[in-house]
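Since the structure comes first, as structure tokens, the remarks are kept for the end.
The values are calculated or read from the model by the stated rules, or taken from the named source; none is laboratory data. Please read these numbers as outputs of a predicted model, since none were measured by experiment. Virtual Cβ from ideal backbone geometry, glycine too; neighbours counted across all protein chains shown. SASA here: full protein model, heavy atoms, side chains in, ligands and nucleic acids out. Shrake-Rupley method; radii C 1.70, N 1.55, O 1.52, S 1.80 Å.
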Amino acid sequence: MPSITVSQKKRGRPATGETPRIGVRLSAEITAAIDKFAVDQNPPLSRSDAVRTLVSEQLTTLGLL
């Protein structure tokens, strides 16, 4: 009688995204400015999307992107 083969589960939390995550600590003043920018967009952005937009715009302005 053949034995049953069971595949081992991978250890750790499964990957949730394809791009690397970067953690940054920001002052309350900068966070408030980002939140204001996010709300002022049409349609309003999430804080993460607002940060990505601001960084992307700045890097494009500097010719780095």
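Helices in the chain, meaning DSSP H runs of at least 4 residues, each add -39500 (n - 2.57). Divided by all residues, the mean residue ellipticity at 222 nm is -14000 deg cm²/dmol. Accessible surface comparison of Arg13, Arg21, Arg52, probe 1.4 Å, protein chains only, largest first: the order is Arg21, Arg13, Arg52. Taking a sphere under 14 Å around the Cβ of Ile30 and counting the other residues whose Cβ falls inside, with K and R at +1 and D and E at -1, yields a net charge of +1.
Atom-type composition of the exposed protein surface of the chain places 56 percent of the accessible area on carbon and sulfur (1.4 angstrom probe).
How large is log10 I(q)/I(0) at q = 0.22, 0.25, 0.31, 0.32 Å⁻¹ when the Debye formula is applied to the Cα atoms of the range 24-65, each weighted equally and without solvent? Relative scattering, expressed as log10 I(q)/I(0), comes to -0.74, -0.87, -1.02, -1.04. Counting other Cβ atoms within 10 Å, keep those with at most 12, restrict to DSSP loop, and tell me which GluC sites (Glu not before Pro) in the range 18-61 are left. Passing both the DSSP loop test and the Cβ count: Glu18.
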